[in-house]
Amino acid sequence: GVEPSDASPDEGVVEDLPLIDEKAVEQLTKGLLSHYLPDLQRSKSALQELTQNQVVLLETLEQEISKFKECNSILDINALFSEAKHYHNKLVNIRNEMMMLHDKTSKLKVSGINI
C-alpha cells in the first residue's frame, strides 16, 4: 500500500524551478519601469498642477467669502441707519406734538381757563 509521507507538499518544488537569470530580471525590471514610469511621472505632475490649482481656487473662494461678509455688514449698517432715521422722525413728531400741546395749554391759560 501507499504510506502517508511526512514530507511537505512543497518539498522538491524548488529543485523543479529553472535557475533565475539575474540579468534577465534586471532587464525585465528596466523594461517594466520604462513602460510605466513616464505615465506615472505625467500623472504626478498633473496631480501637482491640480493641487496648485485647488490652492488658488480655495484662496479665491476665501476672498469672495470675505467680500460677501463685507456686503452683509454694509447692509446691516444701512439697516441700522434707516432704523435710526425712522426713530429720529418719530422723536421729531413727538416733540412737535408736545410743542403744539404746550401752545394750546398756554393759550387756554391766557384765556383764563385753568387746567
Local electrostatic count at Glu97 - Lys and Arg +1, Asp and Glu -1, tallied over other residues with Cβ under 13 Å: +2
Length released on extending from Leu75 to Leu50, taking residue separation times 0.36 nm less the Cα-Cα span: 5.3 nm
Whole-percent carbon and sulfur share, accessible surface of region 42-100, 1.4 Å: 63 percent
Label-point gap, in nm, between Tyr36 and Lys109 - each point 7 angstrom along Cα→Cβ: 10.5 nm
Computed E for Glu59/Glu26 - FRET, C-beta separation, R0 35 angstrom, nearest 0.05: 0.15
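The values are calculated or read from the model by the stated rules, or taken from the named source; none is laboratory data. In this text, all values refer to a predicted model and were calculated from it rather than measured experimentally. Cβ sites come from the backbone with ideal geometry, for glycine too, and all protein chains shown count toward neighbours. All accessible areas refer to the heavy atoms of the entire protein, side chains included, with ligands and DNA or RNA removed. Shrake-Rupley method; radii C 1.70, N 1.55, O 1.52, S 1.80 Å.
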